[in-house]
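Student: So that we are looking at the same thing, I have put the structure below in structure tokens.
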Amino acid sequence: MNGQNLGISGQITVKIIFNGCTADLEYITIKCRPYYLPREFSSVTLTSLYIHPKADTVVALNIIADVISSEYENRDPDTLSIIAGDFNQANLKTVLPSFKQHVTYPTRGQRTIDHCYCKVKSAYKAIERSGLGSSDHSVVLLIPAYKQELKQRKPVERTLLSKAYWADDLWLNRKRLEVNVDDLRLKLDQDLVVLEKPVASVELQMFIDNIINEDELNASEKYLYSFRHTPVAHHLRPYTVHSWLRVCLDFHQPLRALKALQNKTHFGLFPDAYTFNLLLDHFIEMQEYENAYLVAKELMLTEVMDSSTPLTQSLAVYVCHKVLQEKAIPDDDRKDFGMTLADSTRGSQSCLSRSYHLLGYCMMGNKKVMTKLLNTWLSEESDAIITKEVFETLKESLKEVDSAGEYTSQLQEQLQLLEASGRLEETSNEELVKHNLVPTLAELEKKDIENYPKILKSWIESCEEAIMRQEEEKKAMERAAKEVRLEELMKEVGGVEYWIQKAKREGKDVRDPLLEEEVKTQ
């Protein structure tokens, strides 16, 4: 390529997608995923080109149109395509009318021949700068002017966890495991998918660590599925689970993460509490509370959530509260919902937690535990035991069951005693969540904020050590193979002398009959 150069600032994985050189056109197209990218875009495709002043512009533009439209955008419609360069008399809009031209001032004399195109209107503001050295072209400085979709929407309820908790800068600038992705993909396709052979877990991590487009994300999902069905499935790294789920969020595909998380048989993903918290917070931010509940349900099923994870419990309580506000829980999900409520409030003594803990056991139909809880709480000294809102729900639920059933009459008596004692919290559950639960999250998240950099570092170091061991084992195998080949060669050309030398190396007593006969003669 003569004259075509793309400089990328920072350590970003870049792939050359297309390049070409004809009498009319020189171009190179790369794909990358910058650390800071609006959520609506999966990646960025950059095309740098030069169209010769005497070129057949129709031919040149059609080549670019084919590259951008049929060859690339159809494969990845969520990519942001940017095309820039010296167009001379050509105009890209004649073949790609949906693209907008952002350079609005003359770049050479009185002509605007240096263009920058992309589909996003008002993506950039062009500022003129003087040319470099003896160049007769002005330098074009493009200042981002795009306002991402999330900021254009009506503000939704804030995400519960802080930016510091998400640690986006740390995550996006983490030390990635270096690998030739194309070669690794060929190996994983052949060994893992086709031959169904086990592969090293670190190889799976290396691939996921370098995903830059949706096609690679699709491939990684296939590899996780295949890895799950190998004898070494139990070696799947916690870092790999965290990385893949987080990459799904980076590519705005939380439902992909959720479905894989639910499918334990075929994927076997068991995240830590921190990763669960990110998934919960993402769905909360999007106000997708039913999906957030499904994440909380997985927490319950995998028994990750207990009093040792108070932040996770608080997020799960928040989610269950929101779902209860929005709809009635279907009969076929009442037990699971109740178990999730019970787990998310276990060990907490706040009025809100007690209320939802009791409600959880009610939804499970476990009246025995309900009576024990109420006996304990009624014997203690406290201003309010449960909220009036939950109290009314419990009363209604007891009316719907057989009054002669075991523990039912005892529960009814306990509720009457509770009401008579005046130890019901009049404040609504919504107000308690808003003013009592949410403000505690900032303090609860501090421990994870402090620990995440250390955990991430240890994960990366563990992978690097595994790669070093892999390299050492490979070298040892190569040495052993060379020794075998050398041994075979010496067998072929060494004759008796080879066996004598071999025996001596092994410390065996070797006698030469001819030498002994000569000694006797003397």
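Student: Between residues in segment 338-353 that are crowded, with 21+ Cβ neighbours inside 10 Å and residues that are β-branched (Val, Ile, Thr), which pairs lie under 6 Å by C-beta distance while being six or more apart or on different chains?
Tutor: Going by the 6 Å Cβ cut-off, the qualifying pairs are SER344/VAL317; SER353/THR345.
Student: VAL390 passes all but one of (1) surrounded by 12 or more Cβ atoms within 10 Å (Cβ to Cβ); (2) out of contact with any helix residue (DSSP H, G or I) (no Cβ under 9 Å at 6 or more places or on another chain); which number fails?
Tutor: Condition (2) is where VAL390 drops out.
Student: OK, next. Assuming VAL401 fulfils every condition listed in (1) surrounded by 12 or more Cβ atoms within 10 Å (Cβ to Cβ); (2) at pLDDT 90 or above; (3) over 27 Å from GLU298 (Cβ atoms); (4) of a type in the set (A, V, I, L, M, F, W, C) apart from one, which condition is it?
Tutor: (2)
Student: Residues in segment 196-207: is at least one over 16 Å from GLN470 (Cα atoms), at pLDDT below 95 and in contact with a Lys or Arg (Cβ under 8 Å, 6 or more places away or on another chain)?
Tutor: No, that holds for no residue.
Student: Against the conditions (1) within 24 Å of THR302 (Cα to Cα); (2) surrounded by 14 or more Cβ atoms within 10 Å (Cβ to Cβ), where does TRP377 fall short? Just the number, please.
Tutor: (1)
Student: So which residues in segment 227-245 are assigned to a helix (DSSP H, G or I) and surrounded by fewer than 19 Cβ atoms within 10 Å (Cβ to Cβ)?
Tutor: ARG228, ALA233, HIS234, HIS235, PRO238, listed by residue number.
Student: Looking at VAL438, VAL433, can you tell me which residue is touching a helix residue (DSSP H, G or I) at 6+ places or on another chain (Cβ under 6 Å) and on the phi < 0 side of the Ramachandran plot?
Tutor: VAL433
Student: If I go through segment 285-323 residue by residue, how many of them are touching a residue at least 60 places away in the same chain (Cβ under 8 Å), surrounded by 15 or more Cβ atoms within 10 Å (Cβ to Cβ) and not aromatic (Phe, Trp, Tyr)?
Tutor: Matching residues across segment 285-323 total 8.
Student: Of all residues in segment 149-190 being in contact with a Pro (Cβ under 8 Å, 6 or more places away or on another chain) and at pLDDT 90 or above, which is nearest to ASN210 (Cα to Cα)?
Tutor: Among them, the one singled out is LEU170.
Each row is one residue, and each column tells you yes or no for (1) of a type in the set (Phe, Trp, Tyr); (2) under 30 Å from PHE391 (Cα atoms); (3) in a helix (DSSP H, G or I); (4) under 20 Å from the mean Cα position of the chain (by Cα).
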site: GLU430; (1), (2), (3), (4): no, yes, yes, no
site: LYS434; (1), (2), (3), (4): no, yes, yes, no
site: LEU437; (1), (2), (3), (4): no, yes, yes, no
site: GLU450; (1), (2), (3), (4): no, no, yes, no
site: ILE455; (1), (2), (3), (4): no, no, yes, yes
site: SER458; (1), (2), (3), (4): no, no, yes, yes
site: SER462; (1), (2), (3), (4): no, no, yes, yes
site: ALA466; (1), (2), (3), (4): no, no, yes, no
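Student: Only one of SER458, SER428 is assigned by TED's automatic domain parsing to the domain that holds MET363 and of a type in the set (Gly, Ala, Ser); which?
Tutor: None of the others qualify; the one that does is SER428.
Student: Return yes when ARG111 is surrounded by fewer than 11 Cβ atoms within 10 Å (Cβ to Cβ), in the same structural domain as HIS52 (by TED's automatic domain parsing) and modelled with pLDDT of 80 or more and no when it is not.
Tutor: When the stated conditions are applied, ARG111 passes them.
The values are calculated or read from the model by the stated rules, or taken from the named source; none is laboratory data. As the structure is a prediction and not an experimental result, all values here were calculated from the model. Cβ: placed from backbone, ideal geometry, glycine included. Neighbour counts: every protein chain shown.
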